[in-house]
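Here, each number is a calculation from the coordinates, and none is a lab measurement. Treat the numbers as computed from the prediction; the structure is a model and nothing was measured. Please note: Cβ atoms are built from the backbone with ideal geometry, for glycine as well, and neighbour counts cover all protein chains shown.
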């Protein structure tokens with residue numbers, strides 16, 4: 001309990017420091033631009049000046065209790081949406097990297113509605129088709145690790161020799177917990193295949209849960225014959241030919257399914273746009289409820305602020321000035337929450353690897369995953385427009401209502 | 001999968017709806033003001049109307065600022081759509097996907113200019129101690145509101161009619177020399193470009209706002225063609241890459257934003273004096289100075305790429 | 001020229017309704033530039049309303065208020081506020097200071113709307129704090145001040161922008177006798193600073209003061225001859 005408390009305190013301190021740093025940076029730029037604007041803008045009096053902004057902030061600090069509630073809820077909302085976007089962008093980027101090669105068609109064999117292996121004969125026939133540059137047979141499958149009731153993804157890599165294997169981070173951890181540190185025994189039918197752990201890879205979305213071995217070993221582990229392949233990688237240099245070739249293959253072997261690369265790529269993109277979009281809509285719903293809360297909150301503090309606003313107005317603040325004060329205050333709260341949320345979200349997704357959220361995105365089988373940090377300015381801009389702009393839009397009318405209060409009435 | 005589930009689109013349409021809501025609220029207020037406004041009356045009701053005036057002002061200033069951001073977001077959404085629309089390699093292909101695309105783009109720019117003109121009329125109205133331009137200002141507002149509603153409908157039509165199956169043309173097909181107006185050659189257009197630019201500077205120096213207005217409108221069209229067909233090729237350093245959108249991307253250091261924004265702001269400063277004059281008979285010639293400044297920046301930026309290429313390679317493309 | 005000219009001023013609340021109430025009826029008044037005027041009347045006689053109208057806090061139902069020849073009663077809010085900030089210093093009965101801010105910060109409020117440098121602001125505020133004799137309490141939270149000290153803060157605030165008109169609404173109502181007398185001394189200072197001052201009060205302490213130029217009696221919204 002104590003450690004958590006301290007942890008939270010430290011985190012809050014760090015957060016406050018960051019918020020202050022960003023605040024001062026923004027302030028500097030604002031004042032610099034105001035100076036330039038004020039020099040040219042010879043008005044009767046120039047209200048949007050450094051003193052005015054400072055004063056608005058001073059009032060904000062005095063009234064901070066009123067804003068704390070909105071601050072935290074808004075931070076939370078921005079946090080959720082940013083985390084979702086961080087995860088989805090990271091996953092998308094990794095997946096798209098894997099489908100980079102143009103002009104590939106993946107061919108799988110199906111039997112009774114399930115995927116089975118492709119034979120040597122089928123591969124040779126596909127190679128004969130006009131327009132096919134090359135066909136690479138891939139050995140790829142899943143090994144059942146009964147000790148933990150878990151499957152490992154086995155991928156053939158012919159750069160490895162007979163006795164080595166390369167495994168991903170999460171697999172290494174799993175094996176270590178079963179005391180397999182330098183080598184591992186694959187138990188297949190009546191024998192055990194022992195391979196040395198040569199190298200450990202970082203688990204990304206692609207290499208997560210994967211063991212690389214050479215194709216002979218892979219075949220043995222996956223109980224495949226020499227003339228069998230899990231699927232074929234067909235290289236078709238001319239993109240326009242892909243449709244024709246798929247048709248030809250279908251005519252030759254009706255049981256073979258051809259999946260061109262653009263379909264794969266498009267499928268991935270569609271999938272992640274879909275998931276992202278759903279979240280957006282859920283988000284809008286929560287945002288609307290937040291704004292209802294916000295409105296209630298503003299009306300609640302309305303009463304106590306009336307006198308203060310009246311005093312300011314009696315000193316010469318116009319209606320526009322009061323609206324400006326409220327706008328500056330709320331902008332500050334919104335910006336602070338925005339930056340705080342992005343910072344927290346970055347920690348959550350790229351340092352803690354987004355517990356809970358990753359299960360929603362990638363299904364429940366994914367226990368060990370590392371998200372590659374992808375920070376896109378465009379995405380941050382999107383989040384800004386999605387969160388800060390509606391927030392500011394929501395405070396416009398309440399600010400105006402507050403500003404037009406009759407001065408003499410409020411002072412009685 | 002519905003296209004409306006794309007991230008940028010959801011955000012874009014959501015904020016558009018928020019803005020429309022705010023503007024509808026203003027609309028109610030504006031109608032009331034137009035009906036009952038009487039500056040000479042000393043009733044509490046009239047004073048209430050004056051206070052409502054400030055609400056409309058606030059909402060519109062907010063709307064204009066956000067609309068500019070939304071325009072940028074709109075371009076980004078188009079860019080995001082390009083991998084999903086078969087054949088489109090950047091925003092250009094996506095815009096051409098159905099008839100609403102190009103109309104929408106021009107319409108949006110037009111509305112931005114109109115909103116900008118409203119801001120100037122509003123400022124002048126507030127500076128006058130008797131709200132002299134109030135009626136005209138609000139009639140203009142009603143027009144703007146109707147235009148904004150149409151814009152929203154156009155957006156829905158455009159996005160819902162984007163087919164994710166039918167392939168579209170990309171920029172190399174669309175921006176072909178044959179598509180230039182009057183069958184002119186690229187080099188002629190460039191000469192006209194510089195000519196009009198110099199005329200604008202002269203016209204601003206002599207403070208002729210109606211002349212500036214016409215020259216600026218002309219300049220906008222010529223500049224569009226020039227940037228797409230000539231200056232753009234120097235930015236991409238490829239004689240066949242004629243595209244107005246690609247320069248907005250990271251690969252070119254987002255230089256497109258500088259070029260297009262200086263052009264738009266410049267033209268805005270150039271055409272507003274005359275528009276304001278025709279609306280309320282007040283000539284705000286001070287803006288012409290900014291017209292010169294921004295267009296000079298724009299022309300310098302464009303010319304820089306041509307010159308730097310020539311200096312580095314000794315030839316033109 | 002007369003600083004303040006009020007012509008046929010009416011203030012009617014809830015006009016054309018059952019609860020119609022006329023706070024001010026046909027007020028005609030003139031105040032010169034360096035004049036100190038005392039508006040005498042009991043509570044509810046309309047003097048506070050008259051003062052708020054003079055400071056452009058609210059707008060009249062009929063009539064005009066001319067300040068330096070300009071009709072301020074129909075000024076749009078932006079100009080009215082600008083006028084108030086530049087030309088009016090108001091001292092309220094209940095002081096109307098912002099709790100939670102220090103004395104210095106309260107006094108500086110009217111200056112915030114101008115692009116003065118920090119130095120200039122400091123100079124101006126210190127100047128008026130010295131005039132009002134509360135320089136030593138500059139950094140204290142206003143909530144911790146006594147009634148008399150709050151009053152002096154209000155005075156400093158009213159003076160900080162060097163306005164030409166000072167309006168005071170029942171300034172001694174919340175003060176004890178000692179502080180009220182101190183306030184009267186301050187009034188004399190105002191007169192010496194060549195300001196136009198109007199004080200609305202029913203405090204008898206203000207009667208028969210030598211430096212007051214004009215006493216005006218107001219009752220039930222009308223000026224008594």
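General remarks:
- Centre-to-centre, using Cα atoms only, region B:186-249 and region C:129-194 are separated by 65 Å.
- Ratio of Rg to Rh for region C:82-212: 0.95 [Cα atoms; Kirkwood radius as inverse mean 1/r over pairs].
- Gaussian network model of chain C, springs between alpha carbon atoms under 10 Å - residue of C:17, C:25, C:150 with greatest fluctuation: C:17
- Among B:254, B:138, B:224, the largest mean-square fluctuation in a Gaussian network model of chain B (Cα springs under 10 Å) belongs to B:254.
- Overall Cα dimensions of the protein assembly as shown, principal axis frame, Å, largest first: 122, 79, 59
- Taking all pairs of distinct alpha-carbon atoms in region A:104-261, Kirkwood radius in angstrom: 16.9 Å
- Translational diffusion coefficient (Stokes-Einstein; Kirkwood radius from C-alpha pairs) of region C:160-225 at 25 °C, 0.890 mPa s, in µm²/s: 189 µm²/s
- Ascending count of other beta-carbon atoms within 10 Å, so fewest first, for C:50, A:347: A:347, C:50
- Estimated inter-spin distance, residue B:40 and residue A:227, nm [label 7 Å along Cα→Cβ]: 10.7 nm
- Gained length - residue A:216 relative to residue A:121, 0.36 nm times residue gap less alpha-carbon distance: 32.3 nm
- Rounded Å value of the spacing that divides the Cα centres of region A:338-356 and region B:98-169: 39 Å
- Kirkwood hydrodynamic radius of region B:3-160, from inverse mean 1/r over distinct Cα pairs, in Å: 17.1 Å
- Computed FRET value (nearest 0.05) for residue B:71 with residue B:311, which takes r as the C-beta separation and R₀ as 35 Å: 0.50
- Calculated on alpha-carbon atoms, Rg and Dmax of region B:102-167 in Å: 16.6, 59
- Net length gained if the chain between residue A:295 and residue A:178 were fully extended (0.36 nm per residue, minus Cα distance): 36.4 nm
- Here the Debye sum runs over all C-alpha atoms of chain C as equal scatterers in vacuum, and log10 of I(q)/I(0) at q = 0.08, 0.17, 0.18 Å⁻¹ comes out as -0.29, -1.27, -1.38.
- Each of B:135, A:58 has some number of other Cβ atoms within 10 Å of its Cβ, and from fewest to most they run B:135, A:58.
- Percent of alpha-carbon pairs separated by more than 27 Å within chain B: 51 percent
- Take each residue of peptide C:96-107, count the partner chain Cβ atoms within 10 Å of its Cβ, and average: the result is 3.
- Nearest-0.05 FRET efficiency for residue C:189 and residue C:214, computed from C-beta distance (R0 22 Å): 0.75
- In angstrom, the C-alpha Rg and Dmax of region B:65-150 are 17.3, 58.
- Projected area averaged over orientations for region A:90-186, convex hull of C-alpha atoms, nm²: 9.5 nm²
- For region B:175-313, radius of gyration divided by Kirkwood radius, i.e. Rg to Rh on alpha-carbons: 1.01
- The simple spin-label model puts a point 7 Å past each Cα toward its Cβ; for residue A:129 and residue C:2 those points are separated by 10.3 nm.
- Label-zone membership for region B:98-121, site residue B:161, 7 angstrom Cα→C-beta point, backbone N under 15 Å: B:98-107
- Order by protection proxy (mean Cβ within 10 Å, highest first), peptides A:64-71, B:98-105: B:98-105, A:64-71
- Averaged over the residues of C:4-15, the number of partner chain Cβ atoms lying within 10 Å of the residue Cβ comes to 1.
- Test item: B:16-26 mean partner chain Cβ contacts at 10 Å: 2
- Least to most buried among C:127, C:136 (fewest other Cβ within 10 Å first): C:136, C:127
- In this rough spin-label picture, where each label sits 7 Å from Cα along the Cβ direction, the residue C:136-residue B:250 distance is 6.5 nm.
- FRET efficiency, residue B:199 to residue B:4 (Cβ-Cβ, R0 56 Å, nearest 0.05): 0.75
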